[in-house]
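Structure record follows, encoded as structure tokens.
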Amino acid sequence: MEASFQSLSLLSCFLLLIISLIYLSSVLLTPNRHRKLPPSPPSLPIIGHLHLLKPPLHRTLRRLSQSLGPIFSLRFGSRLVVVVSSPSVVEECFTKNDVVLANRPMFLSGKYFAYNYTSVVATPYGDHWRNQRRLMSLEIFSASRLNGSSPVRQAEIKLVLLNLCCKNSFDSFSKVELKSKFSHLSFNIVMRMITGFTANTKEAEEFRDLVREAFKLSDVANPGDFIPALRWIDFGGYEKKLQRIHGKMDAFLQGLIDEHRRDKSNDSMIDHLLLLQESQPEYYTDEIIKGLLMAIILAGTDTSAVTMEWAMTLLVNHPHVLEKARAELDAYVGQDCLIDESDLSKLNYLKAIILETFRLFPAAPLLVPRTPSSDCTIGGFDVPRDTILLVNAWAIHRDPKVWDDPTSFNPERFKNGEAIGHMLMPFGMGRRVCPGSSLAQRVVGLGIGSLIQCFEWERVSEEAVDLSEGKGLTMPKLEPLEVTCKARDIMKKILPK
């Protein structure tokens, strides 16, 4: 037994020596020492500044920016990370340096969830990215395609309304938990748009659970992405977990493709992609199609659900805003028919509420990381190629130099429901802005508008709902939202006879 412990001790010392040598060689051989890098706090050997990263990360990075400045650098192991929290520097990133900064860091998760970095979210900037982006912009998220799928969103939201009404009376308020309902709603909408069928199957529910697992795993920083030696030994079994989740998700998506290949009577997103495969089989392979589907599912489910939960939280905490939104809906839509997506353009106050929710609680508080394809200059500092660039959108959205009373919920700051002259970036900026932003705004607008039109809402108690943030890439609430609601008369016209 003693010999075993001695062997283990020697092995540990040997591994530590190897890691130290790798770290020192990477530092000594990297030609960054004479460059003007952004300011940085003192770091530790090997791990750099990883010990400083406390959740929620966007708050930690803002605190660091308050002492280091609007652009600063950190070391995540052997990787250099530059954090930007200034509107003027962000504008420089996405104008002057937009092409240079159009790449994504190649994290291990992209090898699996982005099908070896070939899907639109993670693939390097170039012809393949342009082809995928053109496909998503013109064929999947175009106005005509979204208008064609509007009945899907209307039907799924109506199911949520009926479910709420069946469990609540017209005479008194009843408690309801909204987080799970928003999660089901956004997932069902995306799946119906993709497949043309309802997602209420056992296989779909299992896939939804896998999506949640994928989000949780992606939220955990993989040490192997920053310390190569830990990736070699798969520290913590991170890659094994990725392989397991991806394997199950891949099998589900392949099953959907095979099913639609056999039955071509539908007109769903998968069917459209399979038509493209018939004309260009060498390019639109099953792997490429699965990568596109995976990107849409992962990007389009949790983000919309989280935004709707934050919006309803803010509304019940500010009853006067809720009442003003209800008055606008009653004036422009009325109580004889449900709100439709075509109504959203004239509901300026509802649009302002959603913009203010995006500002205070962006679903991607640090946006999606970028990495420069070549050395560049940002804010007067040198930024070497392959640096990880993080934009703290959450901090900029609360910058008192940009916004009056930045921590207050005030939809009136958006005149006519527009963010003119403000630095608002819930979907990113530049070439790699989220292509699904128009879909997200339709889902959130129709969802929140329907809930305001059809129900009265109040807090569970007189105390304001807590606004603490939980862990996660999309900045969820720490505690699921529980509120009380009472059906309005319009629901009597919607209920089945």
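The values are calculated or read from the model by the stated rules, or taken from the named source; none is laboratory data. Predicted, not measured: the structure shown is a model, and the values here were computed from it. Glycine gets a Cβ as well: all are built from the backbone with ideal geometry, and neighbour counts include every protein chain shown.
State whether one or more residues within the stretch 402-424 are hydrophobic (A, V, I, L, M, F, W, C), surrounded by fewer than 22 Cβ atoms within 10 Å (Cβ to Cβ) and not in a loop (DSSP other than H, G, I, E, B).
no
For the stretch 261-299, which residues satisfy the criterion of being surrounded by fewer than 23 Cβ atoms within 10 Å (Cβ to Cβ), assigned to a helix (DSSP H, G or I) and not hydrophobic (A, V, I, L, M, F, W, C)?
Listed by number, the residues that qualify are R261, R262, D271, H272, Q277, E278, S279, D286, E287, K290.
Quick one: which of R75, R130 is basic (K, R), surrounded by 16 or more Cβ atoms within 10 Å (Cβ to Cβ) and not in a loop (DSSP other than H, G, I, E, B)?
Answer to the check: R75.
Run S73 past the list (1) more than 30 Å from R130 (Cα to Cα); (2) of a type outside the set (F, W, Y); (3) at pLDDT below 95 and report the number of the one that doesn't hold.
Result: S73 fails condition (3) only.
Identify all residues within the stretch 227-251 that are surrounded by fewer than 17 Cβ atoms within 10 Å (Cβ to Cβ) and of a type outside the set (A, V, I, L, M); write none if there are none. Steps first, please.
Within the stretch 227-251, the subset surrounded by fewer than 17 Cβ atoms within 10 Å (Cβ to Cβ) is 228, 231-237, 240, 243-244, 247-248, 251.
Selection gives P228, R231, W232, D234, F235, G236, G237, K240, Q243, R244, G247, K248.
Residues checked against (1) of a type in the set (V, I, T); (2) farther than 21 Å from F414 by Cα:
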position	(1), (2)
E341	no, no
T371	yes, yes
S374	no, yes
T377	yes, yes
L389	no, yes
A393	no, no
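Spot the failing condition for G379; the list is (1) closer than 19 Å to L315 by Cα; (2) over 17 Å from the mean Cα position of the chain (by Cα), and only one is missed.
G379 satisfies every listed condition except (1).
What are the residues in the stretch 331-390 that are of a type in the set (S, T, N, Q), within 30 Å of P124 (Cα to Cα) and in a loop (DSSP other than H, G, I, E, B), if any?
First pass over the stretch 331-390, keeping only residues of a type in the set (S, T, N, Q): 335, 342, 345, 348, 357, 371, 373-374, 377, 387.
Cutting the leftovers down to within 30 Å of P124 (Cα to Cα) gives us 371, 373-374, 377, 387.
If the condition is that a residue be of a type in the set (S, T, N, Q), within 30 Å of P124 (Cα to Cα) and in a loop (DSSP other than H, G, I, E, B), then S373, S374, T387 are the ones that fit.
Of all residues in the stretch 300-330, count the ones that are among the polar types (S, T, N, Q), within 21 Å of V121 (Cα to Cα) and part of a helix (DSSP H, G or I).
3
What pairs can you find where one residue is in the stretch 467-490 and over 16 Å from S183 (Cα atoms) and assigned to a loop (DSSP other than H, G, I, E, B), the other is at pLDDT 90 or above and aliphatic (A, V, I, L, M), and their Cβ atoms are less than 7 Å apart, with a gap of 6+ or different chains?
These pairs meet every condition: S468/L478.
Starting from residues that are among the aliphatic types (A, V, I, L, M) and crowded, with 18+ Cβ neighbours inside 10 Å, keep the ones in the stretch 473-497 and report whichever is farthest from R459 (Cα to Cα).
Selected residue: L473.
Say whether the condition of being in contact with a strand residue (DSSP E or B) (Cβ under 7 Å, 6 or more places away or on another chain), touching a residue at least 60 places away in the same chain (Cβ under 8 Å) and either under 19 Å from A487 (Cα atoms) or buried (at least 18 other Cβ atoms within 10 Å of the Cβ) (or both) is met by at least one residue in the stretch 205-226.
Scanning the stretch 205-226, I find at least one residue that is in contact with a strand residue (DSSP E or B) (Cβ under 7 Å, 6 or more places away or on another chain), touching a residue at least 60 places away in the same chain (Cβ under 8 Å) and either under 19 Å from A487 (Cα atoms) or buried (at least 18 other Cβ atoms within 10 Å of the Cβ) (or both), so the answer is yes.
If Y332 passes every condition in (1) closer than 22 Å to K158 by Cβ; (2) touching a residue at least 24 places away in the same chain (Cβ under 8 Å); (3) not hydrophobic (A, V, I, L, M, F, W, C) but one, which one does it miss?
(2)
Going by the conditions given, is P45 touching a helix residue (DSSP H, G or I) at 6+ places or on another chain (Cβ under 8 Å), of a type outside the set (G, A, S), farther than 25 Å from G470 by Cβ and surrounded by fewer than 18 Cβ atoms within 10 Å (Cβ to Cβ)?
Yes.
Failed condition for T201, given (1) of a type in the set (S, T, Y); (2) modelled with pLDDT of 95 or more; (3) over 22 Å from the mean Cα position of the chain (by Cα), with all others met?
Condition (2) is where T201 drops out.
What number of residues within the stretch 163-191 satisfy the criterion of being surrounded by fewer than 15 Cβ atoms within 10 Å (Cβ to Cβ), under 20 Å from E205 (Cβ atoms) and either free of Cβ contacts under 8 Å to residues at least 12 places away in the same chain or not charged (D, E, K, R) (or both)?
2
Specify the residue that is modelled with the lowest pLDDT; the eligible residues are those in the stretch 204-218 that are of a type in the set (G, A, S) and either more than 22 Å from S149 (Cα to Cα) or outside any helix (DSSP H, G or I) (or both). Break it down into steps so the answer makes sense when it comes.
Filtering the stretch 204-218 down to residues of a type in the set (G, A, S) leaves 204, 214, 218.
Filter once more, keeping what is either more than 22 Å from S149 (Cα to Cα) or outside any helix (DSSP H, G or I) (or both): 214, 218.
Numbers: A214: 86, S218: 71.
Only one residue fits best here, namely S218.
So is L481 out of contact with any strand residue (DSSP E or B) (no Cβ under 9 Å at 6 or more places or on another chain) and under 22 Å from I189 (Cα atoms) or not? Step through it out loud before you land on a result.
Working: out of contact with any strand residue (DSSP E or B) (no Cβ under 9 Å at 6 or more places or on another chain): no; under 22 Å from I189 (Cα atoms): yes.
The answer is no for L481.
Across the stretch 438-466, what is the total count of residues that are charged (D, E, K, R), over 14 Å from L315 (Cβ atoms) and either touching a Ser or Thr at 6+ places or on another chain (Cβ under 6 Å) or in a loop (DSSP other than H, G, I, E, B) (or both)?
Number of matching residues: 3.
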